[in-house]
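Contents: one structure, followed by commentary.
The values are calculated or read from the model by the stated rules, or taken from the named source; none is laboratory data. Everything numeric here is computed off the predicted structure, so don't read it as measured data. So basically every Cβ, Gly included, is an ideal-geometry build from the backbone, and we count neighbours across all protein chains shown.
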Amino acid sequence: MIAVDSNILIDIFTADPNYGTLSAQALRHCMQQHGICACEVVFAETAAAFNHEHLFKQSMQELNIEFVSMTQDCALTAARIWRQYRKSGGKRHNMIPDFLIGAHAMQQCEGLLTRDRGFFKEYFKSLNIIDPLRS
């Protein structure tokens with residue numbers, strides 16, 4: 001399975017004029033090659049873009065995106081990498097969700113479909129990144 005990042009889904013669901021088409025094409029390509037899943041962080045971040053929960057659920061079902069909860073080990077890996085980020089001078093305090101998404105994709109999936117290539121490549125070096133802007 002390929003994990004999908006919130007930015008891809010929000011691009012698609014909001015018909016983003018800059019990234020919507022590219023993100024949709026990349027998602028379709030990944031669906032043809034693999035299954036697509038999203039962890040709880042991605043579900044929560046994406047659902048926040050909808051006015052009604054039932055529309056979000058329906059949209060995710062239509063795209064056949066599977067909810068795959070992260071393991072305890074993923075959460076601990078995210079915490080470990082977060083600590084490394086802070087010790088190396090990282091100043092942002094509200095990024096832990098990105099570390100959770102990265103750990104989930106790295107440990108439970110075959111890769112991550114995201115536009116945030118730089119961040120994930122820097123902190124999750126072994127993670128297979130699929131970037132719709134580079135496909």
* To do: Among the helices (runs of 4 or more DSSP H) lying completely within region 40-135, list those that include at least 3 residues that are under 21 Å from residue 26 (Cα atoms).
  => 40-47, 53-62, 96-108, 117-123
* Asked: Taking only pairs six or more apart or across chains, which ones have beta-carbon atoms under 7 Å, a first residue in region 121-133 that is closer than 21 Å to residue 84 by Cβ, and a second residue that is among the charged types (D, E, K, R)?
  -> 128/110; 129/117; 129/121
* Set 90, 111, 102: member being over 16 Å from the mean Cα position of the chain (by Cα) and not basic (Lys, Arg) -> 90
* What are the residues in region 87-106 that are of a type outside the set (A, V, I, L, M, F, W, C) and buried (at least 16 other Cβ atoms within 10 Å of the Cβ), if any? -> 97, 98, 102, 104
* To do: Would you mind telling me which numbered condition in (1) over 18 Å from residue 124 (Cβ atoms); (2) in contact with a Phe, Trp or Tyr (Cβ under 8 Å, 6 or more places away or on another chain) residue 53 fails?
  => (2)
* **Any chance residue 30 is within 11 Å of the chain's Cα centre (by Cα), in contact (Cβ under 8 Å) with a residue 60 or more places away in the chain, surrounded by 12 or more Cβ atoms within 10 Å (Cβ to Cβ) and under 19 Å from residue 7 (Cβ atoms)** => no
* Structure fact -> Cβ pairs under 6 Å, 6+ apart or interchain, first in region 53-75 and surrounded by 11 or more Cβ atoms within 10 Å (Cβ to Cβ), second part of a loop (DSSP other than H, G, I, E, B), ordered by first then second residue, are 56/50; 70/39
* Structure fact -> Filter region 33-49 for residues that are surrounded by 15 or more Cβ atoms within 10 Å (Cβ to Cβ) and not aliphatic (A, V, I, L, M); the one that is farthest from the chain's Cα centre (by Cα) is 34
* Asked: Of the residues 43, 99, which single one is at pLDDT below 95 and aromatic (Phe, Trp, Tyr)?
  -> 99
